[in-house]
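Asks: One structure is given below, represented as structure tokens, and several questions about it will come after.
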Amino acid sequence: MHLQVTNLFCDYGDYEAVRGVDFMVSRGERVCLLGPSGCGKTTILRAIAGLHDPTNGEIKINNQVVFGTDRFIPIQERRVGMVFQDHALFPHLSVRENVGAGLWSIGAKERNRVSGEYMEMMGISSLGSRFPHELSGGQQQRVALARALAPKPLLLLMDEPFSSLDLDMRFRMSQEISDLLRIHDITCVMVTHDQQDAFVMGDKIGVMANGTLLQWDDPHHVYHEPASRFVADFIGDGAFIDAVVTGDGKLSSGVADLELENMGSLKSGDNVDILVRPEDVIFDETSNIRAKIIRRSYKGAEILYTLSLENKNKVLASFSSHSYFSVGDDIGIKFQFNHVVVFKK
């Protein structure tokens, strides 16, 4: 296991920022800690890097304990690369000098060669003599990443690396960097509050809230099998409809009866919420389930509709842009679930 975090606790004075967090990262994996501001994800990143002293727990990098009982390895000995939210480039140094800033232990000739290698990897070879203020946001991002990778760290840590980029550049850069990390087998832990970044970058996603890790899984299972109501609500678009568990193991929602695949701890008479993703709602004019369109968001190839059901619940529906309706229209729909996800009230 390349990185192992065990029972990690971190605080700032009386405020407990991280509580009992456990996760493991295999060599070559790219994982994302995802959650709202203040949930503790950046504190974990800082603890892994050696920039914050945990109050309890253990951190191993490449099977070496870097933090634990009576043991603390300083940041300069952990072989960790960092890419910060604001890139933190040295304004008085050229691109080439920035990339080589962490290579102080080798001679000038070798430092120049290694810097050139990583500049080429990041597609910035032609920018070597420029200064940070002469670069676009995307170019600065590439310089910061090349600088972090040049010393050949065991682990790359990225803190909100795309937050300063516009939406189009953000998506493009996250895809390109994800491909680069995968091609070069670089182990990476990224922190973000943006789920699109996490879905593009992460082989695994850890969803956090209030200092705790609620779910650690691949993107498919985090989206389709959320471990809690918070995860279901935070990840992706979705809504909930009220239902009651009936005696025959079904769910009665007032608009449709659904099969409950696994009763688990549920029993007849329990009130539950059914998670409905936009792709679970299908347009079907012959259906007796009726819905009124109360909002429409045009997204080019698809349209995201907000629908009000007869039982007053609201759901989201993603239809092809060929299915074009107006606000106020009454349409027929049906539900088509691969599996039903419910949460007891």
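The values are calculated or read from the model by the stated rules, or taken from the named source; none is laboratory data. These figures come from a predicted structure and were not determined experimentally. Note: ideal-geometry Cβ built from the backbone for every residue, glycine included; neighbour counts use all protein chains shown. When the accessible area is computed, the model is the full protein with side chains, heavy atoms only, and any ligands, DNA or RNA have been set aside. Shrake-Rupley method; radii C 1.70, N 1.55, O 1.52, S 1.80 Å.
Asks: Using modelled amide H (1.01 Å from N, peptide plane; none on Pro or chain starts), what sits under 5 Å from the amide H of L33, excluding residues fewer than 5 places away?
Replies: M190, V191, T192, G206
Asks: Work out from phi, with θ = phi - 60° and the Karplus expression 6.51 cos²θ - 1.76 cosθ + 1.60, the ³J(HN,Hα) of each residue of segment 279-286, listed in order in whole Hz, and give x for Gly and Pro.
Replies: 6, 7, 9, 10, 6, 8, 5, 7
Asks: Also, I was wondering about something else. With Cβ to Cβ distances under 13 Å as the rule, what net charge do the other residues near F199 carry (K, R +1; D, E -1)?
Replies: -3
Asks: Over all alpha-carbon pairs in segment 38-178, figure out the percentage whose distance exceeds 20 Å.
Replies: 51
Asks: List, in the order given, every pair from K299/K334; K250/K345; K204/K267 whose Cα-Cα distance in the structure shown is over 24 Å.
Replies: The answer is K204/K267.
Asks: Given H placed 1.01 Å from N in the peptide plane, which residues other than close sequence neighbours of V66 have an amide H under 5 Å from its amide H?
Replies: I59, K60, I61
Asks: Read through the labelled values [x] 16; [y] 29; [z] 6 and report the label of the one computed as percent of Cα pairs over 39 Å apart from the structure.
Replies: [y]
Asks: Report ³J(HN,Hα) in whole Hz for each residue of segment 307-314, in order, from the Karplus equation J = 6.51 cos²θ - 1.76 cosθ + 1.60 where θ = phi - 60°; Gly and Pro get x.
Replies: 10, 9, 8, 5, 8, 6, 5, 10
Asks: Okay, next question. Provide the net charge surrounding L307, with neighbours chosen by a C-beta distance below 11 Å and charges set as Lys +1, Arg +1, Asp -1, Glu -1.
Replies: So the environment of L307 carries a net charge of +2.
Asks: Can you give the extra length, in nm with one decimal, that the chain gains between T286 and I106 once fully stretched, where that is 0.36 nm per residue apart less the Cα-Cα distance?
Replies: So the extension gain works out to 57.5 nm.
Asks: Ok, one more. Distance in nm between label sites at V327 and R27, each 7 Å beyond Cα in the beta-carbon direction?
Replies: The modelled label-to-label distance comes out at 5.7 nm.
Asks: Just subtract the alpha-carbon distance of I294 and S265 from 0.36 nm times their residue separation and send over the number in nm, one decimal.
Replies: 6.9 nm
Asks: Okay, moving on. In vacuum, with every alpha carbon of segment 133-244 counted as one equal point scatterer, what does the Debye formula give for log10 I(q)/I(0) at q = 0.14, 0.20, 0.24 Å⁻¹? Two decimals, please.
Replies: Debye output, listed in q order: -0.64, -1.13, -1.41.
Asks: Any chance you could get the radius of gyration and Dmax over the Cα atoms of segment 1-90, in Å?
Replies: Cα radius of gyration and Dmax of segment 1-90 are 12.9, 37 Å respectively.
Asks: Multiply the residue separation of R130 and L93 by 0.36 nm, subtract the distance between their alpha-carbon atoms, and state the gained length in nm to one decimal.
Replies: 12.5 nm
Asks: Over all distinct alpha-carbon pairs, what is the Kirkwood Rh of segment 192-307 in angstrom?
Replies: 16.5
Asks: Looking at segment 224-284, I'd like the Rg to Rh ratio, where Rg is from alpha-carbon atoms and Rh is Kirkwood's inverse mean 1/r. Write down the numbers at each step before the final one.
Replies: Working: Rg = 12.1 Å, Rh = 12.5 Å.
With Rh from the inverse mean 1/r over Cα pairs, Rg/Rh is 0.97.
Asks: Kindly state, to the nearest 0.05, the FRET efficiency for L258 paired with F171, given R0 = 41 Å and r defined as their beta-carbon distance.
Replies: Result of the calculation: an efficiency of 0.75.
Asks: While we're here: When the accessible area of segment 272-345 is computed with all protein chains present and a 1.4 Å probe, what percentage of it is carbon and sulfur?
Replies: Heavy-atom surface of segment 272-345 belonging to carbon and sulfur, 1.4 Å probe: 46 percent.
Asks: How much of E77 can a 1.4 Å solvent probe reach, expressed as accessible area in Å² and rounded to 10?
Replies: 110
Asks: As an exercise, use a Förster radius of 56 Å and the Cβ-Cβ distance of T6 and K250 to find the FRET efficiency, rounded to the nearest 0.05.
Replies: On the way: r = 42 Å, r/R0 = 0.75.
According to the calculation, E is roughly 0.85.
Asks: List every residue whose amide H lies under 5 Å from the amide H of F337, counting only residues 5 or more places away in sequence or on a different chain, with H placed 1.01 Å from N in the peptide plane.
Replies: Counting only residues 5 or more places away or on other chains, the set is empty.
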